Amino acid sequence: QVQLVESGGGLVQPGGSLRLSCAASGSGFSIYAMGWYRQAPGKQRELVAHSTSSGRLNYADSVKGRFTISRDNARKMVYLQMNSLKPEDTAVYYCKLESTWADYWGQGTQVTVSS
């Protein structure tokens, strides 16, 4: 069984930065891709950033130039560096792992951008 645990969320002022981390544990799976999604109250979950094992990166237009996704494949971790945060970035952020036969989600971490 695969488990994902996110950390690093919190309250930050507009213009500030946060770094989210996601650790994958378990055995018997291979990672095709990992990514970050977010869901704000009353809205659908949306892609924030995505990284395939071949090195392909994809970002939502709303975060391009502000957020950076990175991975440590040896440690099975994925990170999201978030800079220049805006109030509209407020959401629960979820880590997703895509293996060759199933997708897995973390429990989510709250990010609140407010003065």
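Looking only at segment 2-23, decide whether some residue is assigned to a strand (DSSP E or B) and at positive phi.
Scanning segment 2-23, I find at least one residue that is assigned to a strand (DSSP E or B) and at positive phi, so the answer is yes.
Could you grab me the full set of residues in segment 36-68 that are open to solvent by 70 Å² or more (accessible area, probe 1.4 Å), polar (S, T, N, Q) and modelled with pLDDT under 95?
Ser54
Specify the residue that is surrounded by the fewest Cβ atoms within 10 Å (Cβ to Cβ); the eligible residues are those in segment 76-115 that are closer than 16 Å to Tyr32 by Cβ and small (Gly, Ala, Ser).
Looking at the filtered set, the residue picked out is Ala102.
Does any residue in segment 94-115 that is over 24 Å from Ser30 (Cβ atoms) and at pLDDT 95 or above come within less than 9 Å, Cβ to Cβ, of a residue that is open to solvent by 80 Å² or more (accessible area, probe 1.4 Å) and assigned to a strand (DSSP E or B) six or more places away or on a different chain, and which pairs are these?
If the second residue must be open to solvent by 80 Å² or more (accessible area, probe 1.4 Å) and assigned to a strand (DSSP E or B), the pairs left are Gln110/Leu11; Val111/Leu11; Thr112/Leu11; Val113/Leu11; Ser114/Leu11.
Can you name the number of the only condition in (1) touching a Phe, Trp or Tyr at 6+ places or on another chain (Cβ under 9 Å); (2) at pLDDT below 95; (3) buried (at least 18 other Cβ atoms within 10 Å of the Cβ) that Asp72 fails?
(3)
It is to be established whether one or more residues within segment 25-35 are part of a strand (DSSP E or B), open to solvent by 20 Å² or more (accessible area, probe 1.4 Å) and in contact (Cβ under 8 Å) with a residue 60 or more places away in the chain.
Yes, some residue in segment 25-35 is part of a strand (DSSP E or B), open to solvent by 20 Å² or more (accessible area, probe 1.4 Å) and in contact (Cβ under 8 Å) with a residue 60 or more places away in the chain.
Among residues belonging to segment 78-115 that are of a type in the set (Asp, Glu) and in a helix (DSSP H, G or I), point out the one that is nearest to Phe67 (Cα to Cα).
My answer is Asp89.
The values are calculated or read from the model by the stated rules, or taken from the named source; none is laboratory data. Note that the structure is predicted; figures quoted are calculated from it, not measured. Note: ideal-geometry Cβ built from the backbone for every residue, glycine included; neighbour counts use all protein chains shown. Just the protein is used for accessible areas: all its heavy atoms, side chains included, with ligands, DNA and RNA removed. Shrake-Rupley method; radii C 1.70, N 1.55, O 1.52, S 1.80 Å.
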